[in-house]
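Asks: I am attaching a structure below and will ask some questions about it afterwards.
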Amino acid sequence: MAIRLFNTYSRSLEEFRPLDPVGGEVKMYTCGPTVYSHAHIGNFRAYIFEDLLQRHLELHGFKVRRVMNITDVDDKTIRGSREAGVPLAEFTAPFKKAFFDDLDTLRIKRADSFPEATDPRELAKMIEMIGTLMERGLAYQAEDKSVYFRINKFPDYGKLAHFDLSELRSTGRVKSDEYDKEHVGDFALWKAWDEEDGPVKWESPWGAGRPGWHIECSAMATQLLGEQLDIHCGGVDNIFPHHEAEIAQTEGCTGKKFVRYWLHCAHLMVDGQKMAKSLGNFYTLRDVIEKGYSGREVRYALMRVHYRAPLNFTWEGMEEARQALGRVDDWVRRLGEKGKEENAERPTPNAQRRMEEFEAALDDDLNISGALGVLFETIRETNRRIDGGEIDASEAKGWLEWWERVDRVLAISEGEETLPAEISALAEARVQARLAKDWRKSDELRDELAARGWEARDTKDGQKITWRGGA
């Protein structure tokens, strides 16, 4: 079955056909964080969707070359560095590190490149592109000395967001709106320096200043991936003006179609509202981890609803994620124990069919609900057959191989890192108590773990800690 994706540009499901059908390379660009604070889990919902997409494409044999930008200069980062009284690079550095730590915690694959907006090479590309747009009459320098894109000179402007230019109104978000722009919707390509920028500025043919947010992504995407991309992803709030502007300025420079497939992830909601820093209703990954949840539990909770459907974040949902993963862990453990038995070999007849069903669900615009339905139906059926003595060691190993292939896409398998920090500490203390033959302390720690919903089992391979719920 061919992969079909919902293209925001056409507002329809389209069969995925890469630019390079022979080589199998897929060029993919994903909008990354603005590092003025810690990313919240609403941001990570989009990054997990993009990770799922990449992993599924790779399961199909595609070679994905992905770039994710880091916005380390904009109004918010400059304001933060000024308020903190430190240079811009020093202010953004800890948030960059935290972002990469969070990627690892959530098992999100690293992109091939993470270009930063303040990199001299990237800045040079931005200035070059703005110069090209100026030469072609698609940009102009206004009275405020900033350079703007002429949206009226780009006939396709608005087609991604599906609106008419006459609907545009001043946003009030950028101070440049008060100047004599040719059209209220014209967006900044180069922002002229002012006192509030402090030492943050670069020289350009139009005077000292800094790049606009939109040109940063166009420059980094084309510099690293070329003039045309297969896939560009982001959140729905990126559609306008950010991605609309990217299309206009990039195609204005190259004269070629910039992106074949635009994919956008719906908002993460809290109490019916979009999770956003501006609304103060957000959680960072650290907030959730401090509640005792693991990275893979957060990953599952953010991944389990289709990317184009809004997802309401609740603590009940986190508990559901924990219980679902507990079912997977128990199933894998049972198969592992059965696989160690010595008995006659026979094939695993249904594994191939189940794999086809799993892949077919994800082929349908990443239908994660359908894919997880295949997983849990497989768990129910194989558990029933294990209970009935119908599965031998060979078939159990076959199902474990099936699970390894499925988990290459889902990335939710059990591991040491899945234990919350406080549970890990209690578990390690119990190991040390047993080594010291302090059986009373060992039992107390086992009871403490049980009170928190975790079972401690002593096996020939050492202590095993399993979530049982009820905490």
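The values are calculated or read from the model by the stated rules, or taken from the named source; none is laboratory data. The shown structure was predicted, so the numbers you read here are calculated from the model rather than taken from an experiment. Counting neighbours? That spans all protein chains shown, and the Cβs are built from the backbone with ideal geometry, glycine included. To get the accessible areas, we keep the full protein, side chains included, count just its heavy atoms, and leave off ligands, DNA and RNA. Shrake-Rupley method; radii C 1.70, N 1.55, O 1.52, S 1.80 Å.
Asks: List, please: which pairs have Cβ atoms under 9 Å, are six or more places apart or on different chains, and start with a residue in region 385-404 that is free of Cβ contacts under 8 Å to residues at least 40 places away in the same chain and end with one that is of a type in the set (A, V, I, L, M)?
Replies: What qualifies is Arg385/Ile391.
Asks: If a residue must be touching a strand residue (DSSP E or B) at 6+ places or on another chain (Cβ under 6 Å) and open to solvent by 50 Å² or more (accessible area, probe 1.4 Å), how many such residues does region 115-148 contain?
Replies: 3
Asks: Oh, and also: Only one residue in Leu224, Leu263 is under 27 Å from Lys63 (Cα atoms), of a type outside the set (Asp, Glu) and open to solvent by 30 Å² or more (accessible area, probe 1.4 Å). Which one?
Replies: Leu224
Asks: Only one of (1) among the aliphatic types (A, V, I, L, M); (2) under 19 Å from Ser413 (Cα atoms); (3) open to solvent by 20 Å² or more (accessible area, probe 1.4 Å) is not met by Val298, so which one is it?
Replies: Unmet for Val298, out of (1) among the aliphatic types (A, V, I, L, M); (2) under 19 Å from Ser413 (Cα atoms); (3) open to solvent by 20 Å² or more (accessible area, probe 1.4 Å): (3).
Asks: Let me ask you something else. For the structure I just gave you, tell me whether Ala411 is out of contact with any strand residue (DSSP E or B) (no Cβ under 7 Å at 6 or more places or on another chain), among the aliphatic types (A, V, I, L, M) and modelled with pLDDT of 90 or more.
Replies: When the stated conditions are applied, Ala411 passes them.
Asks: Identify, please: which residue in region 183-211 is free of Cβ contacts under 8 Å to residues at least 60 places away in the same chain and in contact with a Leu (Cβ under 9 Å, 6 or more places away or on another chain) and is, among those, surrounded by the fewest Cβ atoms within 10 Å (Cβ to Cβ)? Break it down into steps so the answer makes sense when it comes.
Replies: Going residue by residue through region 183-211, those that are free of Cβ contacts under 8 Å to residues at least 60 places away in the same chain are 183-188, 191-195, 201, 203, 208.
Keeping just the survivors that are in contact with a Leu (Cβ under 9 Å, 6 or more places away or on another chain) gives 183-185.
Numbers: His183: 15, Val184: 12, Gly185: 24.
Ranking the qualifying residues of region 183-211, first place goes to Val184.
Asks: Could you check how many residues of region 30-46 are closer than 19 Å to Val259 by Cα and either of a type in the set (Phe, Trp, Tyr) or out of contact with any Cys (no Cβ under 7 Å at 6 or more places or on another chain) (or both)? Quick ask: steps written out before the conclusion?
Replies: Here is the first cut: in region 30-46, the residues closer than 19 Å to Val259 by Cα are 30-32, 46.
Those left that are additionally either of a type in the set (Phe, Trp, Tyr) or out of contact with any Cys (no Cβ under 7 Å at 6 or more places or on another chain) (or both): 32.
Here the count works out to 1.
Asks: Now a separate question. In region 434-446, which residue that is farther than 14 Å from Gly462 by Cβ and over 38 Å from the mean Cα position of the chain (by Cα) is most open to solvent (accessible area, probe 1.4 Å)? First the steps, then the outcome.
Replies: The first filter runs over region 434-446 and keeps only residues farther than 14 Å from Gly462 by Cβ, leaving 436-441, 443-446.
Checking which are over 38 Å from the mean Cα position of the chain (by Cα) leaves us with 436-441, 443-444.
Working: Ala436: 74, Lys437: 141, Asp438: 68, Trp439: 123, Arg440: 183, Lys441: 89, Asp443: 63, Glu444: 92 Å².
Ranking the candidates gives Arg440 first.
Asks: Which residue pairs have Cβ atoms under 7 Å apart, sit 6 or more places apart or on different chains, and have a first residue in region 85-106 that is in contact (Cβ under 8 Å) with a residue 60 or more places away in the chain and aliphatic (A, V, I, L, M) and a second that is surrounded by fewer than 16 Cβ atoms within 10 Å (Cβ to Cβ) and assigned to a loop (DSSP other than H, G, I, E, B)?
Replies: Matching pairs, first to second residue: none at all.
Asks: Can you find a residue in region 175-187 that is part of a helix (DSSP H, G or I) and at pLDDT 95 or above?
Replies: no
Asks: Quick one: count up the residues across region 56-66 that are surrounded by 15 or more Cβ atoms within 10 Å (Cβ to Cβ) and either part of a strand (DSSP E or B) or in contact with a helix residue (DSSP H, G or I) (Cβ under 7 Å, 6 or more places away or on another chain) (or both).
Replies: Count: 5.
Residue-wise test of (1) among the aliphatic types (A, V, I, L, M); (2) in contact (Cβ under 8 Å) with a residue 60 or more places away in the chain; (3) out of contact with any strand residue (DSSP E or B) (no Cβ under 7 Å at 6 or more places or on another chain).
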residue: Arg296; (1), (2), (3): no, yes, yes
residue: Ala309; (1), (2), (3): yes, no, yes
residue: Phe313; (1), (2), (3): no, yes, no
residue: Gly326; (1), (2), (3): no, yes, no
residue: Val332; (1), (2), (3): yes, yes, yes
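Asks: Now, a different point. Condition test on Asp112, is it open to solvent by less than 50 Å² (accessible area, probe 1.4 Å), within 19 Å of the chain's Cα centre (by Cα) and among the acidic types (Asp, Glu)?
Replies: Here the answer is no, as Asp112 does not meet what is asked.
Asks: Please work out if Arg304 is modelled with pLDDT of 90 or more, open to solvent by less than 30 Å² (accessible area, probe 1.4 Å) and basic (Lys, Arg).
Replies: no
Asks: Do you know which residues across region 108-159 are part of a strand (DSSP E or B) and of a type outside the set (Val, Ile, Thr)?
Replies: Ser113, Glu116, Ala139, Tyr140, Gln141, Tyr148, Phe149
Asks: While we're here: Could you identify the single residue in Ala371, Ala309 that is of a type in the set (Gly, Ala, Ser), under 30 Å from Gly235 (Cα atoms), exposed (fewer than 13 other Cβ atoms within 10 Å of the Cβ) and under 21 Å from the mean Cα position of the chain (by Cα)?
Replies: On inspection, the qualifying residue turns out to be Ala309.
Asks: Please find, within region 67-107, the residue that is nearest to Ile41 (Cα to Cα) out of those that are open to solvent by 10 Å² or more (accessible area, probe 1.4 Å), in contact with a helix residue (DSSP H, G or I) (Cβ under 7 Å, 6 or more places away or on another chain) and part of a loop (DSSP other than H, G, I, E, B).
Replies: Among those that are open to solvent by 10 Å² or more (accessible area, probe 1.4 Å), in contact with a helix residue (DSSP H, G or I) (Cβ under 7 Å, 6 or more places away or on another chain) and part of a loop (DSSP other than H, G, I, E, B), it is Arg107.
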